[in-house]
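Trainee: Got a structure for you, written out below as structure tokens; questions coming shortly.
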Amino acid sequence: MSELKQLIEKAKANEAIAKKLFEIETEVLACNSSDELLQRLLNSIKDKFNLTNIRLLLVDPTPISFLMNESIQSYWYQQNTTAVSYPELKEFHLNNRPFLTDNVDDLLHSIPSKILEGGQSFALTPLILENKLLGSLLFTDTDKTRFTPNLGTFHLEQLAVKVSLCLSNVLAREQLEYIANYDRLTGVANRRLMESSISEELIRQKRYGVSFAVLFIDCNRFKKINDTYGHDCGDQVLVYVAQTLKQLIRENDRCFRYAGDEFVVTLASQTYDESLVAARRLCKYFVDHPMQYEDKSLPITISCGSAVSDGTLTMQELLKKADQQLYLSKKMTEFED
């Protein structure tokens, strides 16, 4: 083959690769969430470049604080990503460049053998966010000549830049949404999201006749805890209560921080009597499980007020009714601050 013909063939190959990269970029730019982006990205790369396998390796712990958001932790995400320590991943990307090898032994000391099975050649393409190594795309192929150490990495570097930029944009948008809808201290949904959620429940009830209940909850003697042990302890109490409530309720129920030491829990498809059972169960759990703080075991308890939507109450009326029941509950148990 003449030199000119080789250049033409190479140009055509590069044009085909560039077209595929553009198609991938177009697909991921349309994504509204990081989970959707990663899913589309991996599937698209695997199909367009006919790879045996592709997997996302993520630095653990992540250097990007807002990636701790649980919203990214979908089933698909858990099944298609692998955690790798920063030193181990950085070893492959000393200059933030792709790493190619046709020897699986080069990877076995850092990457689980299970995800390398059947591979004969491998390419690791770094993902950089905020000038930090976030992770790497692992391409696997059964063709030993597909990824060799002397192969050029220009297109892989292009892909890495495009993916990093797209992921950065999506994660930034998710972070703004998270800040707007979740309480920064406790990690549970905030009052803004509560209002939206209850409004949706009220609409659903009118349309389908499905009742729901709300619990208005606060921490007993919270002011005394703050005065005795300090506000750092008070913050830990709020986190403990919020996260415990979140764990104790059902998957289709929701927990919200209303204000201060007050929380609201929505109970889907629950009658008033069922909500009282749920309230007693939550209160008993806290009585039986003191919070460990430093070398102390602090008795943290809550009071609950319950109300059920009958289809005529507004959100404000429903919450007020639950709040009134909370007041009566605290008065009966002599827990008022």
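The values are calculated or read from the model by the stated rules, or taken from the named source; none is laboratory data. Everything quoted here is computed from the prediction, not taken from an experiment. Here the Cβ is made from the backbone with ideal geometry for all residues, glycine too, and neighbour counts use every protein chain on show. Protein only, heavy atoms only, side chains kept; ligands, DNA and RNA dropped before computing areas. Shrake-Rupley method; radii C 1.70, N 1.55, O 1.52, S 1.80 Å.
Trainee: Need the failing condition index for Leu124 against (1) touching a Pro at 6+ places or on another chain (Cβ under 8 Å); (2) farther than 16 Å from Phe49 by Cα; (3) part of a strand (DSSP E or B), just the number.
Mentor: Of (1) touching a Pro at 6+ places or on another chain (Cβ under 8 Å); (2) farther than 16 Å from Phe49 by Cα; (3) part of a strand (DSSP E or B), only one is false for Leu124: (2).
Trainee: If the requirement is being closer than 17 Å to Gly311 by Cβ and of a type in the set (Gly, Ala, Ser), which of these qualifies: Gly187, Gly209?
Mentor: From the options Gly187, Gly209, the qualifying one is Gly209.
Trainee: Another question, if that's okay. So, of the residues in region 268-301 that are among the β-branched types (Val, Ile, Thr) and open to solvent by 50 Å² or more (accessible area, probe 1.4 Å), which turns out to be modelled with the lowest pLDDT?
Mentor: So, considering only residues that are among the β-branched types (Val, Ile, Thr) and open to solvent by 50 Å² or more (accessible area, probe 1.4 Å), the one modelled with the lowest pLDDT is Thr271.
Trainee: Here is a follow-up. Listed residues Ala322, Ala307; which is at pLDDT 95 or above and part of a strand (DSSP E or B)?
Mentor: On the way: Ala322 fails: part of a strand (DSSP E or B).
Only one candidate passes the filter, namely Ala307.
Trainee: Moving on. So, in region 100-116, of the ones that are open to solvent by 10 Å² or more (accessible area, probe 1.4 Å) and under 29 Å from the mean Cα position of the chain (by Cα), which residue ends up farthest from Ile54 (Cα to Cα)?
Mentor: So the residue we want is His109.
Trainee: Which pairs have Cβ atoms under 8 Å, sit 6 or more apart or on different chains, and link a residue in region 133-162 that is over 19 Å from Asp105 (Cα atoms) to one that is crowded, with 22+ Cβ neighbours inside 10 Å and among the polar types (S, T, N, Q)?
Mentor: Correct list of pairs: Leu156/Thr125; Glu157/Thr125; Leu159/Thr125; Ala160/Thr125.
Trainee: Now a separate question. For region 180-208: of the residues being in a loop (DSSP other than H, G, I, E, B) and not hydroxyl-bearing (Ser, Thr, Tyr), which is least open to solvent (accessible area, probe 1.4 Å)?
Mentor: Val188
Trainee: Continuing with the same structure: Do any residues in region 289-302 that are under 11 Å from Tyr229 (Cα atoms) have Cβ atoms under 7 Å from those of residues that are part of a loop (DSSP other than H, G, I, E, B) and not hydrophobic (A, V, I, L, M, F, W, C), where the two are at least six apart or on different chains, and which pairs are they?
Mentor: What qualifies is Leu298/Pro290.
Trainee: OK, next. Quick check: is even one residue across region 159-168 among the charged types (D, E, K, R), surrounded by 15 or more Cβ atoms within 10 Å (Cβ to Cβ) and under 29 Å from the mean Cα position of the chain (by Cα)?
Mentor: Looking for residues that are among the charged types (D, E, K, R), surrounded by 15 or more Cβ atoms within 10 Å (Cβ to Cβ) and under 29 Å from the mean Cα position of the chain (by Cα), one finds at least one in region 159-168, hence yes.
Trainee: Could you list, in sequence order, all residues of region 247-259 that are in a helix (DSSP H, G or I) and open to solvent by less than 80 Å² (accessible area, probe 1.4 Å)? First the steps, then the outcome.
Mentor: First, pick out the residues of region 247-259 that are in a helix (DSSP H, G or I): 247-248.
Result: Leu248, single match.
Trainee: Could you say whether any residue in region 213-224 is out of contact with any strand residue (DSSP E or B) (no Cβ under 9 Å at 6 or more places or on another chain) and free of Cβ contacts under 8 Å to residues at least 60 places away in the same chain? Let's see the steps before the verdict.
Mentor: Looking only at region 213-224, we keep the residues that are out of contact with any strand residue (DSSP E or B) (no Cβ under 9 Å at 6 or more places or on another chain), and these are 221-224.
After this cut, where a residue has to be free of Cβ contacts under 8 Å to residues at least 60 places away in the same chain as well, the list is none.
For region 213-224, residues out of contact with any strand residue (DSSP E or B) (no Cβ under 9 Å at 6 or more places or on another chain) and free of Cβ contacts under 8 Å to residues at least 60 places away in the same chain: absent.
Trainee: In this structure, is Leu129 closer than 27 Å to Cys166 by Cα, surrounded by 13 or more Cβ atoms within 10 Å (Cβ to Cβ) and out of contact with any strand residue (DSSP E or B) (no Cβ under 8 Å at 6 or more places or on another chain)?
Mentor: Yes.
Trainee: Only one residue in Val214, Val237 is touching a Leu at 6+ places or on another chain (Cβ under 7 Å) and at pLDDT 90 or above, so which one is that?
Mentor: Unique residue meeting the criteria: Val214.
Trainee: Return yes when Ala242 is within 18 Å of Ser197 (Cβ to Cβ) and touching a Phe, Trp or Tyr at 6+ places or on another chain (Cβ under 8 Å) and no when it is not.
Mentor: Working: within 18 Å of Ser197 (Cβ to Cβ): yes; touching a Phe, Trp or Tyr at 6+ places or on another chain (Cβ under 8 Å): yes.
Yes.
Trainee: Quick check on my filter: what residues within region 221-246 are open to solvent by less than 20 Å² (accessible area, probe 1.4 Å) and within 14 Å of Tyr285 (Cβ to Cβ)?
Mentor: The answer is Val241, Ala242, Thr244, Leu245.
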